[in-house]
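The values are calculated or read from the model by the stated rules, or taken from the named source; none is laboratory data. Just so it is clear, the structure is predicted and the values come from calculations on it, not from any experiment. Glycine also receives a Cβ, built like all others from the backbone with ideal geometry; neighbour counts cover every protein chain displayed.
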Amino acid sequence: MHRSIIKSMRPNTPTQESAVPRGSGLRAVPLSLALLGAATWLSGCLERGPVEKAVPPAAEIAQPIAGEAKAFGIYQWNKDSTYQSGLQSEINALGTSPTYAMYFVDKDMGFPKDIIHFNAERNIKTVLSQELQSYTNRGDFHVLDSILAGRWDGYFRRFAKEARASHQTIYYRFGYEMNGDWMDWGEQPERFAKAWRRAWKIFREEKANNVQWVFSANVIWDDRTVQRDIVPYYPGDKYVDVVGLDGYNFGDTHSRNHKWKTFTEVFQASLDGLKLHFPGKPLWITEIGCAEGPGKAEWIQDFFSHFNADKDVRVFVWFNEDKQYAGEPNWRFDSDKDSGEKFRSWAIYNNSITYFSLPAMGEEVARDVVEKPGAAVRL
């Protein structure tokens, strides 16, 4: 989903699917130590900003499969604050730190080294969503031809050099939702795949091997299929590191073309298709959100149950923005109290059992804890 694109015209009848929209190196430790780490981190968060309610008992929280590390991220953009203060506010609201943070870049923007540095200082990995256009000058439906003609080569080369110089792992979501008609680069599978490969080769020439390329399609809808409406855009296994999906439950009030959809109705057919066509590739939900409504908290809980049970889906990124100013729903995880509590409960509990919270306490503290007798570490 673009920062300002309104996806309200997409068909979505009651019989249709919603139109819209490994982790690595994660250390697992005994639950007692992990919960201690989470408690310490949470207390620090509470000093900076209050969390509405304490974590409910573990029995009330959807729990991941034993031994499976699950990671989450958020997209946050607050037009009334800087990225840095906005992200810190989200961490305070969550009561724990996400493993990933998403940031959008377009043709008018250079490599966001300050954002990358800010995230890295907090042990947060950055997902960069590359828009193949100018943010202020839309409607260039020949943008893929421009890329193929070499007019973007300088942009990609400078971007790649700075990405390499950052010395951070960066997840690069090139031309996301390419299978949708709401993007200037959308619904042009052959051109898109060729443009992807051209950009990828430039990054390799610049030895930007720290950049992980994320193929991020929109979920299928209407009579669309993964075979016909996602696979043709795929540039090839050599050029893709992560495969992802964007999908949203727009609810009943957004437009007459939408109705409330369960997580399964929005995502399952697309997830099954990606597993079939791209086996072995790390699978993420690269954007997810749910509109406000009396069932939002239950929708979030149902999503977590599916996410925890699915051994193939390792990461999700919640589109954490109230977009009512742009005619879209309020996607925030805490748009109502019950939804916020469900989300926070899962995030804090998941982080504690997978030991994500320890790096946020500082490497020295983390090292002291995991080196205690009995604190077996699994990489």
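Looking only at the stretch 139-160, residues that are surrounded by 15 or more Cβ atoms within 10 Å (Cβ to Cβ) and farther than 16 Å from Arg191 by Cα come to 5 in all. Of all the criteria given as (1) within 30 Å of Ala165 (Cα to Cα); (2) more than 20 Å from the chain's Cα centre (by Cα), the one not satisfied by Ile285 is (2). Taken across the stretch 67-77, residues that are at pLDDT below 95, polar (S, T, N, Q) and within 19 Å of the chain's Cα centre (by Cα) do occur, with at least one present. All of Val242, Val226 fail the test of being crowded, with 19+ Cβ neighbours inside 10 Å and within 26 Å of Ala163 (Cβ to Cβ), apart from Val242.
Out of the stretch 302-344, which residues are of a type in the set (A, V, I, L, M, F, W, C) and buried (at least 20 other Cβ atoms within 10 Å of the Cβ)? Break it down into steps so the answer makes sense when it comes.
So the first thing to find is which residues in the stretch 302-344 are of a type in the set (A, V, I, L, M, F, W, C), and the list is 303-304, 307, 309, 313, 315-319, 326, 331, 333, 343.
Answer for the stretch 302-344, where residues must be of a type in the set (A, V, I, L, M, F, W, C) and buried (at least 20 other Cβ atoms within 10 Å of the Cβ): Phe303, Phe304, Phe307, Val313, Val315, Phe316, Val317, Trp318, Phe319, Trp331, Phe333, Phe343.
Here the stretch 300-320 is the region considered, the condition is being in a strand (DSSP E or B) and of a type in the set (A, V, I, L, M, F, W, C), and the residue that is farthest from the chain's Cα centre (by Cα) is Val313. One residue stands out among those in the stretch 164-222 that are among the small types (Gly, Ala, Ser) and crowded, with 22+ Cβ neighbours inside 10 Å: the one that is farthest from Asp246 (Cα to Cα), which is Ala208. When every residue of the stretch 208-224 is checked against the conditions, at least one turns out to be of a type in the set (A, V, I, L, M), under 20 Å from Lys107 (Cβ atoms), at pLDDT 95 or above and not in a loop (DSSP other than H, G, I, E, B). Quick one: is Gln133 out of contact with any Phe, Trp or Tyr (no Cβ under 9 Å at 6 or more places or on another chain), part of a loop (DSSP other than H, G, I, E, B) and farther than 20 Å from Ser270 by Cβ? Criteria not met by Gln133. Under the condition of being polar (S, T, N, Q) and in contact with a strand residue (DSSP E or B) (Cβ under 6 Å, 6 or more places away or on another chain), the residues counted in the stretch 101-128 number 2.
Scoring Val317 on the criteria (1) in contact with a helix residue (DSSP H, G or I) (Cβ under 9 Å, 6 or more places away or on another chain); (2) under 25 Å from Val127 (Cα atoms); (3) aliphatic (A, V, I, L, M) leaves a single failure, condition (1). Among the residues of the stretch 225-275, just one is at positive phi and either touching a strand residue (DSSP E or B) at 6+ places or on another chain (Cβ under 6 Å) or modelled with pLDDT of 95 or more (or both), namely Gly236. Looking across the stretch 154-198, the residues that are out of contact with any strand residue (DSSP E or B) (no Cβ under 9 Å at 6 or more places or on another chain) and of a type in the set (Lys, Arg) come down to Arg157, Arg158, Lys161, Arg191, Lys194, Arg197, Arg198.
Only one of the listed residues (Asp222, Asp302, Asp312) is in the same structural domain as Phe192 (by TED's automatic domain parsing) and not polar (S, T, N, Q). That residue is Asp222. The combined condition, being over 22 Å from the mean Cα position of the chain (by Cα) and part of a helix (DSSP H, G or I), is fulfilled by Pro232.
If the condition is being in contact with a Pro (Cβ under 6 Å, 6 or more places away or on another chain) and surrounded by fewer than 24 Cβ atoms within 10 Å (Cβ to Cβ), then the stretch 256-291 contributes Asn257, Lys259, Ala291. Among residues of the stretch 108-125 that are assigned by TED's automatic domain parsing to the domain that holds Arg164 and more than 17 Å from Arg164 (Cα to Cα), those with a Cβ under 7 angstrom from a residue that is of a type in the set (Phe, Trp, Tyr) and part of a loop (DSSP other than H, G, I, E, B), sequence gap 6+ or separate chain, pair up as Asp108/Tyr135. Please indicate, with yes or no, whether at least one residue in the stretch 150-161 is at negative phi, outside the structural domain of Tyr83 (by TED's automatic domain parsing) and within 22 Å of the chain's Cα centre (by Cα). Yes: one or more hits.
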